[in-house]
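Q: Sharing a structure, written as structure tokens. Questions coming.
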Amino acid sequence: VAIIFTSFSLVYHKLTLQKSYFLSILEVTLLIYARGNRGKDFKTMIKRVAVINDLSGLGKCSLTAAIPVISVMGVQPCPIPTAVLTNQTDYESYHSVDFTDYIDFYTTEWKKRGITLDGIYTGYLGSEAQVQKILSFCENFRTENTLLFVDPVMGDNGVTYDVYTPEYGKQMKRLIAE
């Protein structure tokens, strides 16, 4: 069963969004940390969470916010960017580079290394193809001991993003059902 953070429906003010996002990340990290070490090998003693979200060069959101919060709690954040933006979308303009084609490289390389994940935390996924790739990622890395946290980041200021089609919604429901 996935744990779902739906800050979109609760948040309309920037300050509230930042506080809500911080609390979501903090809750994720505390749940991972509370599970205890599963092995004696140094590689398995490190708590790891895959943090799958966009990276904004300017703004306090997404990977920029998640990485330091998770890290300071003693858990290793393993970022997988879904897009790289010049700045967050709340500005009057921004440029975004889609990272869909790079997601499979993370799966391949991490499988080679035999890493285990204590958590998988998803944020902004910008297309149906990204949701499919994350479903595949979960098939490869999720075990009965891996917590899945889904924040379906659907829009800003009460307005749904254009990428959300009915088919996208079906794919997101599949991810949430994991």
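Q: Is it true that F22 is surrounded by fewer than 18 Cβ atoms within 10 Å (Cβ to Cβ) and either modelled with pLDDT of 80 or more or over 30 Å from V159 (Cα atoms) (or both)?
A: Working: surrounded by fewer than 18 Cβ atoms within 10 Å (Cβ to Cβ): yes; either modelled with pLDDT of 80 or more or over 30 Å from V159 (Cα atoms) (or both): no.
So F22 fails the test.
Q: Just wondering, is there one or more residues in segment 119-133 that are loosely packed, with under 15 Cβ neighbours inside 10 Å and in contact with a Phe, Trp or Tyr (Cβ under 6 Å, 6 or more places away or on another chain)?
A: Scanning segment 119-133 turns up no residue that is loosely packed, with under 15 Cβ neighbours inside 10 Å and in contact with a Phe, Trp or Tyr (Cβ under 6 Å, 6 or more places away or on another chain).
Q: Residue under question is L148, and the condition is that it be open to solvent by less than 10 Å² (accessible area, probe 1.4 Å), closer than 17 Å to N53 by Cβ and either among the basic types (K, R) or touching a Gly at 6+ places or on another chain (Cβ under 9 Å) (or both); does it hold? Working first, answer last.
A: Values: open to solvent by less than 10 Å² (accessible area, probe 1.4 Å): yes; closer than 17 Å to N53 by Cβ: yes; either among the basic types (K, R) or touching a Gly at 6+ places or on another chain (Cβ under 9 Å) (or both): yes.
The answer is yes for L148.
Q: Looking at segment 159-172, is at least one residue open to solvent by 70 Å² or more (accessible area, probe 1.4 Å), farther than 25 Å from G57 by Cβ, in contact with an Asp or Glu (Cβ under 7 Å, 6 or more places away or on another chain) and not polar (S, T, N, Q)? Break it down into steps so the answer makes sense when it comes.
A: Our first condition is that a residue be open to solvent by 70 Å² or more (accessible area, probe 1.4 Å); within segment 159-172, this holds for 159-160, 162, 166-167, 170.
Add one more test, that the residue is farther than 25 Å from G57 by Cβ, and what stays is 166-167, 170.
Now restrict to residues that are in contact with an Asp or Glu (Cβ under 7 Å, 6 or more places away or on another chain): 167.
Next cut, not polar (S, T, N, Q) only: 167.
Among the residues of segment 159-172, at least one is open to solvent by 70 Å² or more (accessible area, probe 1.4 Å), farther than 25 Å from G57 by Cβ, in contact with an Asp or Glu (Cβ under 7 Å, 6 or more places away or on another chain) and not polar (S, T, N, Q), which makes the answer yes.
Q: Looking at V69, V49, which one is touching a Ser or Thr at 6+ places or on another chain (Cβ under 9 Å), in a strand (DSSP E or B) and at pLDDT 60 or above? Can you show your working first?
A: Numbers: V69 fails: in a strand (DSSP E or B).
Selected residue: V49, the only one of V69, V49 that is touching a Ser or Thr at 6+ places or on another chain (Cβ under 9 Å), in a strand (DSSP E or B) and at pLDDT 60 or above.
Q: OK, next. Quick one: K43 ticks every box in (1) open to solvent by 70 Å² or more (accessible area, probe 1.4 Å); (2) modelled with pLDDT of 95 or more bar one, so which box is it?
A: (2)
Q: Next up: Considering every residue within segment 86-106, establish whether at least one is in contact with a helix residue (DSSP H, G or I) (Cβ under 6 Å, 6 or more places away or on another chain), open to solvent by less than 50 Å² (accessible area, probe 1.4 Å) and in a helix (DSSP H, G or I).
A: Going through segment 86-106, the residues in contact with a helix residue (DSSP H, G or I) (Cβ under 6 Å, 6 or more places away or on another chain) turn out to be 100, 103.
From what's left, open to solvent by less than 50 Å² (accessible area, probe 1.4 Å): 100, 103.
Checking the rest, the ones that are also in a helix (DSSP H, G or I) come to 100, 103.
Yes, that holds for at least one residue.
Q: Hey, another quick one. Condition check: more than 29 Å from D90 (Cβ to Cβ) and either in contact with a Gly (Cβ under 8 Å, 6 or more places away or on another chain) or touching a residue at least 24 places away in the same chain (Cβ under 8 Å) (or both). Does N140 satisfy that?
A: Numbers: more than 29 Å from D90 (Cβ to Cβ): yes; either in contact with a Gly (Cβ under 8 Å, 6 or more places away or on another chain) or touching a residue at least 24 places away in the same chain (Cβ under 8 Å) (or both): yes.
Yes: the conditions hold for N140.
Q: Looking at (1) at negative phi; (2) loosely packed, with under 13 Cβ neighbours inside 10 Å, find the lone condition where G74 falls short.
A: Evaluating G74 over (1) at negative phi; (2) loosely packed, with under 13 Cβ neighbours inside 10 Å leaves (1) as the failure.
Q: So E109 ticks every box in (1) at negative phi; (2) surrounded by 15 or more Cβ atoms within 10 Å (Cβ to Cβ); (3) over 16 Å from the mean Cα position of the chain (by Cα) but one. Which box is left unticked?
A: (2)
Q: Moving on to the next point. For segment 51-63, does any single residue satisfy the condition of being more than 21 Å from D156 (Cβ to Cβ), open to solvent by 10 Å² or more (accessible area, probe 1.4 Å) and basic (K, R)?
A: Going through segment 51-63, the residues more than 21 Å from D156 (Cβ to Cβ) turn out to be none.
No, segment 51-63 has no match at all.
Q: Give the number of residues within segment 134-145 that are assigned to a helix (DSSP H, G or I) and open to solvent by 40 Å² or more (accessible area, probe 1.4 Å). First the steps, then the outcome.
A: Residues of segment 134-145 that are assigned to a helix (DSSP H, G or I), as a first pass: 134-141.
Still in the list and also open to solvent by 40 Å² or more (accessible area, probe 1.4 Å): 136, 139-140.
The total comes to 3.
Q: Now a separate question. Being charged (D, E, K, R) and free of Cβ contacts under 8 Å to residues at least 12 places away in the same chain is the filter here, so list the residues in segment 75-123 that pass it. Full working, then the answer.
A: Restricting attention to segment 75-123, the residues satisfying the condition of being charged (D, E, K, R) are 90, 92, 98, 101, 104, 109, 111-113, 118.
The answer is E92, D101, E109, K112, R113.
Q: Looking at (1) at pLDDT below 85; (2) outside any helix (DSSP H, G or I), find the lone condition where L55 falls short.
A: (1)
The values are calculated or read from the model by the stated rules, or taken from the named source; none is laboratory data. None of these values were measured; they are calculated from a predicted model. As a convention, Cβ positions derive from the backbone with ideal geometry for all residues, glycine included, and neighbour counts pool all protein chains shown. Please note that ligands, DNA and RNA were not included when accessible areas were found on the heavy atoms of the full protein model with its side chains. Shrake-Rupley method; radii C 1.70, N 1.55, O 1.52, S 1.80 Å.
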